[in-house]
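Asker: First the structure, then my questions, so here it is.
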2 protein chains.
Amino acid sequence: MTKIKPSLPKGTRDFLPQQVARRKYIFNTIRDVFEKYGFVEIETPAFERLETLTGKYGEEGDRLLFKILNSGDFLSKVSTENLTTKNSAGVLKEIAEKGLRYDLTVPLARYVVQHQSELVFPFKRYHVGPVWRADKPQKGRYQEFFQFDADVIGADSLLNDVELTMILLEVYHCLGMDVSIKMNNRKLLEALSIYAGCPDKLMEITVAIDKLDKIGAEGVNDELQKLSLTSDQISKINEILNCKDLSALSIKFTNDTIGQKGIEELNYIFSKIKDSHVGFDITLARGLTYYTGTIWEVLANNVVMGSITGGGRYDNLTEMFGGQNMSGVGISFGIERIYDVMEELNLFPDDISKGVDILFVAREERLIDFVFEQVSQLREANISCEIYTGHPKKKFNYAEAKQIGFFIEVGDDEKSSGIFRIKNMNTREEEKLSIIDIITKFKK
Amino acid sequence: MTKIKPSLPKGTRDFLPQQVARRKYIFNTIRDVFEKYGFVEIETPAFERLETLTGKYGEEGDRLLFKILNSGDFLSKVSTENLTTKNSAGVLKEIAEKGLRYDLTVPLARYVVQHQSELVFPFKRYHVGPVWRADKPQKGRYQEFFQFDADVIGADSLLNDVELTMILLEVYHCLGMDVSIKMNNRKLLEALSIYAGCPDKLMEITVAIDKLDKIGAEGVNDELQKLSLTSDQISKINEILNCKDLSALSIKFTNDTIGQKGIEELNYIFSKIKDSHVGFDITLARGLTYYTGTIWEVLANNVVMGSITGGGRYDNLTEMFGGQNMSGVGISFGIERIYDVMEELNLFPDDISKGVDILFVAREERLIDFVFEQVSQLREANISCEIYTGHPKKKFNYAEAKQIGFFIEVGDDEKSSGIFRIKNMNTREEEKLSIIDIITKFKK
């Protein structure tokens, strides 16, 4: 076996124990809020049939899917012509049937149709797990990253949109993050395109507006010009984009049923949610094509970072898998960005990666038996502890690196007296206690 | 977009909410025990460089690795000769650089070498996650399945072997499973091969003995004969395999240093663990080649199922990645089998997939606002609840399927009086309570 230098595929990461602890803190915080609101967790496999994934994310998405090579003698049945012409696209269909999931939404659509008879509706599910994209890796962008999605499937009631907004507020409150939750409604963008006299260009206009954060108002106007819109159309679009509130918009859309519907929907939600962190923003567009109602985007205040959560209401999630038309509404948390924001703003509680309550060190090898007996008693009482078995010189390093709360060294004195000097690793204070005292002190 | 029938790749599974809840119960139970003993969690990516994985699991293992196709025009640089001769093995090297992880052990070895300077030793880590093998799917065998591994790296002390045995006992106690923990030591198998005069055949003999459960004593003897052992050698092997305890073995191995060392190691462990669920079994062999000391296997009593946990001590985990020689000891829980046993023996607690505390139903659409206000007050007090937004006829179905504890229907009477009839979904009993009363009743 030749020795190889250990390394990872580009765009992937290992997580050290402290990072895992912090990630779990984020996951568990979000999880607890969703469960409080009645969401249940599902899981799907890492890979799906390519048939399921292909064509769902546009041409670029198809390109970014990781494909899994068929097992065995995968070339045996490939057409010779495709091989000799090195036709990668043609050969691909013949040698790969599976791909790694690209997001959690298409798997959800497949899942709901496939298990429809086993689920109750409205189906309120959350799903957390890695997804994979063969994107060019760069700072903050990975080929493997985690999504945390929650959706309500099969319920038209806007109350679900209200509840998802409440959940966003509660999650970020629990994480201690100061955020701005921007909301809009796709119907208002549709009304905008009608107002400007170019309803046929709705998607293109939406995509252009979505870039506002990145390219600014002038950039958006450049994009709009590329769509061959007249200057009159562009100025009408800007007229709408400059509306700061729903009443201003309502005047513009007086005669537009779709616009009025969008305003009504947002007014309903805002009537139930009075929180200064939530606001209307007509320039919020979201890139995804399938949204048809409410859309959300969450930004972290006091830090430069893109959207940390996004979501929206859609009408036809399950149609692509032959399911009856089921509407839904959902949000997706960007875990890596939330992590980065929390790290930058120092928001992780100190005790997240706290180690066991007590580390025991035997001064001599022969005392190990005695130490083991003490530790067994503590564990019996459900107190977490470790017996150090590493190099004697590194014992304090070990206790500090693992953020262990208390430290006890056991020598012959301790063995004969049954009294232990227990050292608080934070305050450096020492107490002299028997095992019974220690159990009393630590028992939860 | 053509409609496609939703389905999964063979050998993979979706998990329904109740299954996820049960799986989490298993994961969290094991996790809690490991953390009590000072183990920390790590994560590694789903895929590794093929260079990292290939050659670590034997020829069969290499075949069973899922390979990921390189992105883009993957054929462009492939040698024409390999293509025209349809040389799958040759082409493979040119079109795939990554593979899905096959277990959590090789990623651990890579991780430890790669992050050595960032870790403290003894490194006590656990890792839970899916692994993938292109095995022929069959009952109980999947292409994607979960492993839950824990290892102590960089510590020779047998105290770690003791602690892992304690952990096995505690985990299965917490899960409510009656198990038999069989233990042996690879040094005894080495001594056995010396005793039989065929130390050069150690691995082959080990593999043959490992099949005892499946093929019986006669089957093992057939296997041994295939190794061209003499009948005298085979009878000497059987002589050892028939030893029921360490003292009987000690007599056989009087003059064998390795045998005596193995006995001494096991005696040390047994001296600390007095539990009728743990026993010595000289016929326990374990298939894996790299074990050199203690080995474990756990069987569930009262049910027909293979090993549900296995493990052992090894000397050279990190050598393959150029790390300094680090010994280790670890165990691996077979999550799918544990799940199946617990389901068969009905060991999952009933409240695992319990839904929210209270489901609210508005009798009329116009009462939703009022209901939302009540629910918001309860959530403020951290009481979990849902507002039903589905079809009125299905409200009880919904409450039952989601195992919701209590049910409240709100009509005009409730709105005007502020008093709610709250129905216990298990006992069918009803109480009349105000929101304040409800908060008092449910507040944790």
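None of the figures in this text is laboratory data; all of them are computed from the coordinates on show. If you're wondering where the values come from, they're calculated on a predicted model, not measured in any experiment. As a convention, Cβ positions derive from the backbone with ideal geometry for all residues, glycine included, and neighbour counts pool all protein chains shown.
Asker: Rounded to the nearest 0.05, what FRET efficiency is calculated for B:GLU343 and A:ALA381 with R0 set to 45 Å and r the Cβ-Cβ distance?
Answerer: Details: r = 32 Å, r/R0 = 0.71.
So, using R0 = 45 Å, E works out to roughly 0.90.
Asker: Let me ask something additional. Work out the mean other chain Cβ neighbour count within 10 Å for the residues of B:9-20 and drop it here as an integer. Working shown, then result.
Answerer: Details: counts 11, 3, 1, 7, 3, 10, 6, 8, 12, 2, 3, 7.
What the average comes to for B:9-20 is 6.
Asker: Ok, one more. Which of A:THR389, A:LEU378, A:ASN325 sits closest to the plus end of the dipole of chain A, meaning its Cα is farthest towards the positive end, when Lys and Arg get +1 and Asp and Glu get -1 on the C-beta?
Answerer: A:THR389
Asker: Determine the shielding of peptide B:141-152 by partner chains: average, over its residues, the number of Cβ atoms on other chains within 10 angstrom of each Cβ. Before the final figure, lay out the partial values.
Answerer: On the way: counts 0, 1, 4, 3, 0, 1, 0, 0, 0, 0, 0, 1.
Counting other chains' Cβ atoms within 10 Å and averaging over B:141-152 gives 1.
Asker: Which of the peptides B:39-52, B:395-408, A:235-248 is most tightly packed, and how do the rest follow, judged by the mean count of other Cβ atoms within 10 Å per residue? Could you put the intermediate results ahead of the total?
Answerer: Numbers: B:39-52: 22.1, B:395-408: 18.9, A:235-248: 15.3.
Order by mean packing, descending: B:39-52, B:395-408, A:235-248.
Asker: Relative to the Cα centre, what is the charge dipole magnitude of chain A, using +1 at the beta carbon of each Lys and Arg, -1 at the beta carbon of each Asp and Glu, and rounding to the nearest 20 debye? Please list the in-between numbers first.
Answerer: Numbers: 57 positive and 66 negative charges, 189 e Å.
Computed about the Cα centre, the dipole is about 900 debye.
Asker: Kindly state, to the nearest 0.05, the FRET efficiency for A:ASN28 paired with A:ASP156, given R0 = 35 Å and r defined as their beta-carbon distance.
Answerer: Working: r = 31 Å, r/R0 = 0.90.
So the FRET efficiency works out to roughly 0.65.
Asker: A further question follows. Using just the alpha carbons, could you tell me how many Å³ per residue the convex hull of the range B:303-396 encloses? Kindly include the intermediate steps, with their values, before the conclusion.
Answerer: Working: hull volume 22.0 nm³, N = 94.
Convex hull volume per residue, Cα atoms: 234 Å³.
Asker: For the range B:208-356, what log10 I(q)/I(0) values come out of the Debye formula at q = 0.08, 0.12, 0.13 1/Å, with one point per alpha carbon and no solvent?
Answerer: Results for the range B:208-356 at q = 0.08, 0.12, 0.13 Å⁻¹ read -0.32, -0.69, -0.80.
Asker: Moving on to the next point. For the ranges A:289-301, B:271-283, what's the packing order if you count other beta-carbon atoms within 10 Å of each residue, average per peptide, and put the highest first?
Answerer: A:289-301, B:271-283
Asker: Give me the distance in nm between label points sitting 7 Å out from Cα along the Cα-to-Cβ direction at B:GLU239 and B:ASN302, one decimal.
Answerer: Each label point is offset 7 Å from its Cα along the Cβ direction, giving 4.2 nm.
Asker: Can I ask one more? Please compute, for the alpha-carbon atoms of the range A:17-344, the extent along each of the three principal axes and give them in descending order in Å.
Answerer: On the principal axes, the range A:17-344 reaches 67, 48, 44 Å in Cα extent.
Asker: Over the range B:17-344, what relative contact order in percent results from Cα pairs under 8 Å that are six or more residues apart? Walk me through the numbers before you get to the answer.
Answerer: Working: 517 pairs, mean separation 65.9, N = 328.
Result for the range B:17-344 is 20 percent.
Asker: With charges set only on the Cβ (+1 for Lys and Arg, -1 for Asp and Glu), what does the dipole of the range B:358-443 come to about its Cα centre, in debye to the nearest 20?
Answerer: Numbers: 14 positive and 15 negative charges, 62 e Å.
Dipole size: approximately 300 debye.
Asker: Still on this structure, please answer the following. From the Cα gyration tensor of the range A:94-181, with a ≥ b ≥ c the square roots of its eigenvalues, which class applies: rounded if a/c is under 1.5, or else prolate if a/b is larger than b/c, or else oblate? Provide the component values of the computation, followed by the final result.
Answerer: On the way: a/c = 3.10, a/b = 1.14, b/c = 2.72.
Oblate shape, in that a/c is at least 1.5 and b/c is the bigger or equal ratio.
Asker: Quick check for you: which residues of the range B:323-359 have the amide N under 19 Å from the point 7 Å beyond the Cα of B:ASP281 toward its beta carbon?
Answerer: B:330-342
Asker: Hey, another quick one. What residue among B:LEU189, B:ASN221, B:SER79 has its Cα farthest toward the positive end of the dipole of chain B, where the charges are +1 on Lys, Arg and -1 on Asp, Glu, each on the Cβ?
Answerer: Toward the positive end, the furthest listed residue is B:SER79.
Asker: Under the definition of Cα pairs under 8 Å and six or more residues apart, what whole-number percent is the relative contact order of the range A:256-385? Could you put the intermediate results ahead of the total?
Answerer: Working: 119 pairs, mean separation 17.5, N = 130.
Worked out over the range A:256-385, it gives 13 percent.
Asker: Just need the relative contact order of the range B:358-443 here, percent rounded to a whole number, with Cα pairs under 8 Å and 6+ apart. Kindly include the intermediate steps, with their values, before the conclusion.
Answerer: On the way: 118 pairs, mean separation 27.6, N = 86.
After rounding, I find 32 percent.
Asker: With charges set only on the Cβ (+1 for Lys and Arg, -1 for Asp and Glu), what does the dipole of the range B:63-160 come to about its Cα centre, in debye to the nearest 20?
Answerer: Details: 14 positive and 11 negative charges, 77 e Å.
The calculated dipole for the range B:63-160 is roughly 360 debye.
Asker: Here is a follow-up. Which pairs, out of A:LYS395/A:LYS415; A:LYS93/A:LYS136; B:LYS354/B:LYS443; A:LYS211/A:LYS274, put more than 25 Å between their alpha-carbon atoms? The partial results should precede the final answer.
Answerer: On the way: A:LYS395/A:LYS415 20 Å; A:LYS93/A:LYS136 23 Å; B:LYS354/B:LYS443 17 Å; A:LYS211/A:LYS274 28 Å.
Too far apart for the 25 Å limit: A:LYS211/A:LYS274.
Asker: Can you give the local net charge around A:ILE295? Use residues other than it whose beta-carbon is closer than 9 angstrom to its beta-carbon, Lys and Arg +1, Asp and Glu -1. List each step's numbers first, then the result.
Answerer: On the way: positive: A:LYS182, A:ARG186, A:ARG286, A:ARG313; negative: A:GLU297.
Result for the neighbourhood of A:ILE295: +3.
Asker: Taking every pair of alpha-carbon atoms in the range B:358-443, give the share separated by more than 17 Å as a whole percent. Don't jump to the answer; show the numbers that get you there.
Answerer: Details: 1562 of 3655 pairs.
For the range B:358-443, the share of Cα pairs beyond 17 Å comes to 43 percent.
Asker: May I ask you to compute the full-extension gain from A:ILE436 to A:THR254, defined as 0.36 nm times their residue separation minus their alpha-carbon distance, rounded to one decimal in nm? Write down the numbers at each step before the final one.
Answerer: Values: separation 182, 0.36 × 182 = 65.52 nm, distance 7.69 nm.
Fully extending the segment from A:ILE436 to A:THR254 adds 57.8 nm.
Asker: May I pose another question? Please give the average number of partner chain Cβ atoms lying within 10 Å of the Cβ of each residue in A:31-44, rounded to a whole number. Write out the running numbers ahead of the final one.
Answerer: Values: counts 1, 2, 2, 0, 4, 9, 7, 13, 4, 9, 8, 6, 11, 5.
Average neighbour count from other chains, rounded to a whole number: 6.
Asker: Calculate, in whole percent, how much of the Cα-Cα pair population of the protein assembly as shown lies beyond 55 Å.
Answerer: Numbers: 79842 of 393828 pairs.
It works out to 20 percent of all Cα pairs.
Asker: Assuming R0 = 60 Å, what is the FRET efficiency of A:HIS115 and A:ARG421, from their Cβ-Cβ distance, to the nearest 0.05? Let's see the in-between values first.
Answerer: Details: r = 59 Å, r/R0 = 0.98.
Step by step, r from the Cβ atoms, then E = 0.55.
Asker: Hey, another quick one. Less than 13 Å apart at the alpha-carbon level, and either on another chain or at least 8 residues along: which aspartates and glutamates does that give for B:LYS423?
Answerer: Hits, sequence-local ones excluded: B:ASP357, B:GLU400, B:GLU409, B:GLU431.
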